[in-house]
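Working notes, beginning with the structure itself.
Bear in mind that the values in this text are calculations on the coordinates, not laboratory data. Fair warning: this is a prediction, and the values are worked out from it, not measured in the lab. Every residue, glycine as well, gets a Cβ built from its backbone with ideal geometry; the counts of neighbours run over all protein chains shown.
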Amino acid sequence: MSSYRALILSSPGSRGEQSFAHALKQVGFDAEILNIEEAIHLKLEVDQLSLKYKLVVLPGGNTYSSVLGSGRVLALKLQYGLGWNLNKFAERGGLALGVGSGFETLLQMKVFGDDYALKLNEQAQFQEKWIKVTPSGNRCVWLRGLGTMELPLSEQNTEFVIDSFSYVEAKGKLERLNLGCLRGETDDRADDRVWGMCDMTGRIFGLLPHPEYFLSWTNTDDWYVNPTRAAAPGAGMAIFENAARHAEI
């Protein structure tokens, strides 16, 4: 059993918990799935979190039916129900991952500052497709050493936006400090879009595509075209391998 424990925090409407658990166990973590209400009942505040766990995952999905905005209710519960400060958790050596609406939760918690958000895509439609993304810079420990990869997208809020009142400064910070650490083009626009973001420590990573759904080549629709690759790991697994690699740092 690994000496490092990982917490996968579930909530009403979240999904992918078992896929995260499988990936983390594959790379050596002792993974535990815990519901947010149980965490509040156990009073799992940030000091206890730092003592018990090395890694925290906020899965995606339609958390709390997104009635107040994707990820917002969970963010409120983490901040005011548990008093979580994930920046402090990272400074103590912890790792945190938010995927899809879990990324939105990180943004709502202001983990990356006040100037960044996600909004409904221009088509106002749920998007389910594969996208090509490329790591940018070397700050994010989750992405170090990785090249361009394809990952599945399954979200509605897919437009990364910068606050208009502080746009120049916030965009400059994003570029200069390599906080916009995962980039890629889109079908309708040729510019370089942000698909993932990290904090200053590089240990908190939020992204829109889902690495937990590409752990094996059999997760792709056309894997049978080249069945010899069926046992090969998918691109998403490399992200979790990096987490294990940097758990000791």
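Figures for the structure shown
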{"read-out": "Residue with peak Gaussian network fluctuation, the chain [Cα springs, cutoff 10 Å], from SER50, SER216, SER11", "value": "SER216"}
{"read-out": "Gain on full stretching of the segment that runs from GLU248 to GLU128 - 0.36 nm per residue minus C-alpha separation", "value": "39.7 nm"}
{"read-out": "Percentage relative contact order, the chain, counting C-alpha pairs under 8 Å, at least six apart", "value": "19 percent"}
{"read-out": "Formal net charge of residues neighbouring VAL46 (Cβ-Cβ distance under 12 Å; K, R +1; D, E -1)", "value": "+1"}
{"read-out": "Local electrostatic count, TYR64, Cβ distance below 11 Å [Lys/Arg +1, Asp/Glu -1]", "value": "+2"}
{"read-out": "Amide H partners (placed H, <5 Å) of ASP199, local residues excluded", "value": "ILE204"}
{"read-out": "Amide H within-cut-off set for SER136, under 5 Å, with H built and near neighbours excluded", "value": "LEU182, ARG183"}
{"read-out": "Rounded Å value of the spacing that divides the Cα centres of region 17-43 and region 84-109", "value": "15 Å"}
{"read-out": "Cα gyration tensor shape for the chain, rounded if a/c is under 1.5, else prolate or oblate", "value": "rounded"}
{"read-out": "Sum of side-chain charges, LEU146 neighbourhood, beta-carbon under 14 Å (Lys, Arg +1; Asp, Glu -1)", "value": "+3"}
{"read-out": "Amide H contacts of VAL56 (H built 1.01 Å from N, under 5 Å, at least 5 apart or other chain)", "value": "LEU7, LEU95, ALA96, LEU97"}
{"read-out": "Qualifying GluC sites (Glu not before Pro) for region 34-110 [loop in DSSP, other Cβ within 10 Å: at most 16]", "value": "GLU45"}
{"read-out": "Computed E for ARG144/VAL168 - FRET, C-beta separation, R0 35 angstrom, nearest 0.05", "value": "0.75"}
